[in-house]
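Below is one structure; the comments refer to it alone.
The values are calculated or read from the model by the stated rules, or taken from the named source; none is laboratory data. Model, not experiment: these values are computed from the prediction. Ideal geometry is used to build each Cβ from the backbone, glycine not excepted, and the neighbour counts take in all protein chains shown. The area values use the complete protein model at the heavy-atom level, side chains included, leaving out ligands, DNA and RNA. Shrake-Rupley method; radii C 1.70, N 1.55, O 1.52, S 1.80 Å.
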Amino acid sequence: MLIAQVGFAPNTGFARFDFGWDYLLDGVTLVPVVLGLFAMPEVIDLLLRRSAIASEETAAHGGMGQGLRDAVHNWWLIARCGTIGTVCGMIPGLGGLAAEWFAYGHAVQTAKDSSMFGKGDVRGVIAPESATAGQKPGAILPTVAFGIPGNGSMAVLLGVFLIVGLRPGPEMLRENLPLTSMMVWTVVAGNIIAAILALALQNYMVKLCYLRATIIAPLILCFMVVGASLATKSFGDVLIFAVFGVLGYIFKRSDWPRVPLVIGLVLGYLSETFLFITVDRYGIAWMWERPIVVIIEIFMIASIAYPIYRKAKGTRESRRQAEDVE
Amino acid sequence: MRQAIKSSTWWVGIALMVPFIVAMAVSAPWSLGGKLAPWIVGTCAIVALLIHSYSGVRRGVDAKPEPLPDGVHPLKGRALKVYAWVALLLILIPLLGHQIATPLFILVFMLASGEALWLASLLAAIIAGFIFFILEKTIHVGLPDPLIAQWLGF
């Protein structure tokens, strides 16, 4: 969240933590941060291992059928994360990336054994993918019903509505209902076509995983740097990518989680905006005078305290078992 | 205590306090709108990190970092070479631009890694073509100008 505070303050326009560098006035861009934090350490490890991403023996297990079985087996996770995605899509400004991380966090927190997340647990892929699929239809809803775009692409869609003379609002659900239904079916058809293409190409794409590290790693690294510098089309992105790459590698080597950093960066700007508005309107008393805030605070405290309690209980039990054995 | 001091996880927790302390110190003279969030975030983060560090000293650090491949030390030999290659790419790109630095890096890296000249040249040519024909000419992505061109006044 501290990283999200780099650049102009949302409510006052006050420039912060820019170190006299114009690039930082617009804040730290998400794409180079995510690429640096997650992709760079993997490429470094790949180069250190000097082996392919996967061996043919490992990848031969399962395939398309296993993927389908995983999806069916985790149907309840798909339903929950799809709902998270839809709700996030409906909230203007929150965006798809927040939905993906929320869903991932939810999957980790609700899993009985979360030790394999980030190390090959398929639920870590299923959860954010379900949220991504859910957030797009969710974003259409406020755009069509209220004229409030849920994200950037919906803002473009809203612009198209106005160009062709359509007015978003209740009439989109009455007079223009066929058009609204067509939009819903377009999303469905788009997802089906994407799934068919993915299934058709997967056998070819997966072969990339068998390439030697000395072939695949420099390619991935170069594509990552190109992708990172497309965020603002500035070499500042490359520097941010490098800084967060180093940080990501240190975090990985010392077993610090990297996902909370990204969630903090995504939500930092929004939380600061509304924190300032709230303090400006109610003073510090908003923390105990507003009933909904109090309920949310109780949930927050419970969500922090419960895992600590569960861990302490587990430690006590294992100690007792060890004493019994002795 | 000894276990905590030997753990890199514990030291990273200590080091993470530094940016928050610096941010709070830097933002102290600012207006409420400017310093409200840095102070709230900084206070929460420092308290959490202090609890983490204290619990590490009292009960030991519960972390299981992924092991490096056999025989690789994170600050010696092969690891240093890999860091140097990555650093070279990150320096070359702003200096020469994506169009030159990326294929050049692929060619040099693959040859240094013992790959065949034809394969290295082919991949370098493919990535150069991708950047020039796909990114620049087809989808009109404006890549930043290289610093060397700016210095030479192009």
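The table that follows gives values for the structure above.
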read-out: Residues of the range A:231-246 classified as of a type outside the set (Val, Ile, Thr) and more than 19 Å from the chain's Cα centre (by Cα), total; value: 7
read-out: Check on residue B:131, surrounded by fewer than 19 Cβ atoms within 10 Å (Cβ to Cβ) and either in contact with a Leu (Cβ under 9 Å, 6 or more places away or on another chain) or modelled with pLDDT of 90 or more (or both); value: no
read-out: Some residue of the range B:58-65 being closer than 23 Å to residue A:220 by Cα, of a type outside the set (D, E, K, R), within 20 Å of the chain's Cα centre (by Cα) and not assigned by TED's automatic domain parsing to the domain that holds residue B:7; value: no
read-out: Restricting the range B:1-24 to residues that are among the polar types (S, T, N, Q) and part of a helix (DSSP H, G or I), the residue that is nearest to residue A:5 (Cα to Cα); value: B:9
read-out: Residue A:303 of a type in the set (S, T, N, Q) and either within 22 Å of residue A:10 (Cα to Cα) or open to solvent by 90 Å² or more (accessible area, probe 1.4 Å) (or both); value: no
read-out: The range B:127-153 residues that are facing chain A (nearest Cβ under 10 Å), paired with ones that are basic (Lys, Arg) (beta carbon under 9 Å, 6 or more apart); value: B:141/A:233; B:142/A:233; B:143/A:233; B:144/A:233
read-out: Flag if residue B:100 is within 19 Å of residue A:220 (Cα to Cα) and either open to solvent by 70 Å² or more (accessible area, probe 1.4 Å) or touching a Leu at 6+ places or on another chain (Cβ under 6 Å) (or both); value: yes
read-out: Cross-chain or 6+ apart pairs with Cβ under 8 Å, the range A:4-27 first and more than 10 Å from every other protein chain (Cβ to nearest Cβ), then open to solvent by 40 Å² or more (accessible area, probe 1.4 Å) and among the polar types (S, T, N, Q); value: A:23/A:232; A:26/A:232
read-out: Test: residue B:31 is among the hydroxyl-bearing types (Ser, Thr, Tyr) and either more than 24 Å from the chain's Cα centre (by Cα) or in the same structural domain as residue B:111 (by TED's automatic domain parsing) (or both); value: yes
read-out: Any hit, the range B:144-153, residues being acidic (Asp, Glu) and part of a helix (DSSP H, G or I); value: no
read-out: Selected residue (criterion: farthest from residue A:10 (Cα to Cα)) from residues of the range A:250-263 that are at the interface with another protein chain (Cβ under 8 Å from one of its Cβ atoms) and part of a helix (DSSP H, G or I); value: A:253
read-out: Residue match in the range A:149-160 (condition: within 30 Å of residue A:72 (Cβ to Cβ) and either modelled with pLDDT of 80 or more or touching a His at 6+ places or on another chain (Cβ under 9 Å) (or both)); value: no
read-out: Residue check for residue B:86: open to solvent by 60 Å² or more (accessible area, probe 1.4 Å) and of a type in the set (Val, Ile, Thr); value: no
